[in-house]
């Protein structure tokens, strides 16, 4: 996975990309299925889709972390069919996160290869915690992309079977 990072005064920014051997619509569907994240995303313990959304925009609560350091945060998820999925923290007073934005983008390279771009920009309320988490982000980015790629391999046969001819 190619990746870049920047430790900015306004938080931590990381981005990476990877070529994955599946069509972009399939990978988009996989990433959009936020409620299944606890089944395969490392350190994701809970995902709840709030009522009232639609296929293009919805709110979700994710619980991430390990050990004593776990955080549940609400986010607004906006999807552009087959192209991108953007998630933005919904501000909650007293939360550990100051801001959190992420985006997935999908670019079809060939019929069976998609370039997947992922970026995250965040800041915790504590500069110390921001630095500690930021130090681990490169490894977490690779681990997360691996998790999605492994999930794609696991679900591809079922997805292909369910598609209309």
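The residues of segment 64-81 that are more than 17 Å from residue 141 (Cα to Cα) and either touching a strand residue (DSSP E or B) at 6+ places or on another chain (Cβ under 9 Å) or in a helix (DSSP H, G or I) (or both), listed by number, are 70, 71, 72, 73, 74, 75, 76, 77, 78, 79, 80.
Within segment 18-56, the set of residues being surrounded by 15 or more Cβ atoms within 10 Å (Cβ to Cβ), in contact with a helix residue (DSSP H, G or I) (Cβ under 8 Å, 6 or more places away or on another chain) and closer than 17 Å to residue 79 by Cβ comprises 26, 27, 29, 30, 31, 47.
Test residue 110 against the criterion of being surrounded by 15 or more Cβ atoms within 10 Å (Cβ to Cβ), more than 20 Å from residue 13 (Cα to Cα) and over 15 Å from the mean Cα position of the chain (by Cα), and give yes or no. Before you say what the answer is, go through the steps one by one.
Working: surrounded by 15 or more Cβ atoms within 10 Å (Cβ to Cβ): no; more than 20 Å from residue 13 (Cα to Cα): yes; over 15 Å from the mean Cα position of the chain (by Cα): yes.
When the stated conditions are applied, residue 110 does not pass them.
Within the option set 145, 137, being out of contact with any helix residue (DSSP H, G or I) (no Cβ under 9 Å at 6 or more places or on another chain) and more than 19 Å from residue 27 (Cα to Cα) holds for one residue only, 137.
From the list 98, 149, exactly one residue is more than 13 Å from the chain's Cα centre (by Cα) and either more than 17 Å from residue 13 (Cβ to Cβ) or assigned to a strand (DSSP E or B) (or both). Which is it? Matching residue, one of 98, 149: 98.
Could you tell me whether residue 155 is part of a helix (DSSP H, G or I) and more than 26 Å from residue 67 (Cβ to Cβ)? For residue 155, the condition - part of a helix (DSSP H, G or I) and more than 26 Å from residue 67 (Cβ to Cβ) - is met.
Where a number appears in this text, it was derived from the coordinates with a stated rule and is not lab data. Keep in mind the model is a prediction, meaning the values are calculated, not measured. Heads up, the Cβs are rebuilt from the backbone with ideal geometry, glycines too, and the neighbour counts pull from every protein chain shown.
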